[in-house]
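Single-structure report; data block below.
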Ligand SMILES: [Zn+2]
């Protein structure tokens, strides 16, 4: 596959790219300081198995983590702007293009979503998409001095691309030509997005699947307020609002809020978040997050009880996830993925990858040039999948699902 690295698509690459295998960390000790039963962290009908009405919160705590979307029997993802599918049963992947001898790198290909048009005037943001009732929803744009961004829909094979409605515009100069970080989260057949660039991403809009946009949350706390990490569950839209107490960027503050979709009420649930590190819902009443003491905690929203699961001793924390069984934490200059059980015991440590996309309860997805944990160095870059039943084992059977080589 031809490498078509267009920098404007790669604005959210936040992980380090080194593949050094020298970093070893000790398992953190487990601390129990409250009455929350950790063994009952997850109910039977958990968030961590595929359900069409779930917003798939298990893809990680980092804002806008929808690089991969799960469906009944597999996963859709864009690799190099090309739409691919990984099948759970056969454990193999395909580009969703049926044309013979297609190079999948131009607008003739139904799976290609990169920049196209005579003067490279159109494209799609393939770093965030959603699927609902056999349609893919994503943002497409016309590039000129002002980038006009629209909600698009297409079939699962990339055909039938339909412009549904106008969403917002970006001044290409002000935003350095980037499609600045936005989030689009599907929940119960509605999209919730942070769209408004003029207000520095301080609003959440509800977008119906026929393109009607309604602003539902607008934050205005302090100075430079912003919103991110939108997750939905049952009747709520959860999000983190961040702001500064003074104009000179001092007095950083943050709060996890939730918006009640029915009553439109907003409540502050947890104040004080480790900067940019997000949270994960365990259910309607329990939130996994990193507090300002840099410990991983479960907080009970009703009782306000907080239980420390992992006392953090790691530096350079990047992101984390929870799949109903294990807690996954990416940290360090060399991107190490530590896997803990819900008692805080270190179960596995995975190295030699560039970017971790986490996953549901069945599979773990990472980006790496060579096979993870191999200690080798390779050209190009690839995506790899691990069957999570192998977590904790020394020799793992990593499956390469896409590569530029
Ligand atoms: Zn093709």
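Read-outs throughout are calculated quantities, based only on the coordinates presented, and are distinct from any laboratory measurement. Being a predicted model, the structure only gives us computed values, none of them experimental. Backbone-built Cβ (ideal geometry, glycine too); neighbour counts: all protein chains shown.
Among 108, 367, what is the fewest-to-most ranking by other Cβ atoms within 10 Å?
Working: 108 12, 367 21.
Taking fewest neighbouring Cβ atoms as first place, the list is 108, 367.
Once you sort the root eigenvalues of the Cα gyration tensor of the range 228-332 as a ≥ b ≥ c, which label holds: rounded (a/c under 1.5), prolate (a/b larger than b/c) or oblate (the other case)?
Oblate shape, in that a/c is at least 1.5 and b/c is the bigger or equal ratio.
Mind giving me the FRET efficiency for residue 302 and residue 374? R0 is 45 Å, r the Cβ-Cβ distance, nearest 0.05 is fine.
After rounding to 0.05, the efficiency reads 0.45.
Can you sort 194, 164 so the residue with the fewest Cβ neighbours within 10 Å comes first?
Going from sparsest to densest Cβ surroundings: 164, 194.
Could you work out how much longer the chain between residue 325 and residue 260 gets when fully extended? Use 0.36 nm per residue separation minus the Cα distance between them, nm to one decimal. Provide the component values of the computation, followed by the final result.
Working: separation 65, 0.36 × 65 = 23.40 nm, distance 2.81 nm.
Computed gain between residue 325 and residue 260 is 20.6 nm.
Once you sort the root eigenvalues of the Cα gyration tensor of the range 361-405 as a ≥ b ≥ c, which label holds: rounded (a/c under 1.5), prolate (a/b larger than b/c) or oblate (the other case)?
In terms of gyration-tensor shape, oblate.
For residue 215 and residue 163, FRET efficiency with R0 = 22 Å and r from the beta-carbon atoms, rounded to 0.05? Could the numbers behind the result be given before it?
Numbers: r = 21 Å, r/R0 = 0.97.
It comes to 0.55.
Tell me the volume per residue, in Å³, of the convex hull enclosing the alpha carbons of the range 311-405.
Residue-normalised Cα hull volume stands at 94 Å³.
Taking the beta-carbon count within 10 Å as an exposure proxy, list 333, 248, 300 from fewest neighbours to most.
248, 333, 300
So what's the range 191-251 giving for Cα Rg divided by 2.2 N^0.38 Å, two decimals?
1.22
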